[in-house]
1. Restricting attention to the range 20-39, which residues are in a loop (DSSP other than H, G, I, E, B) and either modelled with pLDDT of 90 or more or surrounded by 11 or more Cβ atoms within 10 Å (Cβ to Cβ) (or both)?
2. For the range 1-19, name all the residues that are surrounded by 10 or more Cβ atoms within 10 Å (Cβ to Cβ) and assigned to a loop (DSSP other than H, G, I, E, B).
Amino acid sequence: MKTEPLRIERFLHEMDQVVPWQQLEDVIHPYYKGTGGPSAPRPAGDAAHSFSPAVAQFE
């Protein structure tokens, strides 16, 4: 049985459609100091999902 997508899932899908994530990551990367631990870079394609905790508080 297929259920309706959650609001966060719809939001993340829309963000993937309108935000040029790769271009944004290319601009930020030279200033990002992540070499390990919690500040380590996330895998490509995971940028939108980093907004999840911030968005979750508004649901």
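1. PRO20, TYR32, GLY34
2. Answer for the range 1-19, where residues must be surrounded by 10 or more Cβ atoms within 10 Å (Cβ to Cβ) and assigned to a loop (DSSP other than H, G, I, E, B): PRO5, LEU6, VAL19.
The values are calculated or read from the model by the stated rules, or taken from the named source; none is laboratory data. Computed from a prediction, not measured in an experiment: that's the story for all the values here. All Cβ positions, even for glycine, are placed from backbone atoms using ideal geometry, and neighbour counts span all protein chains on display.
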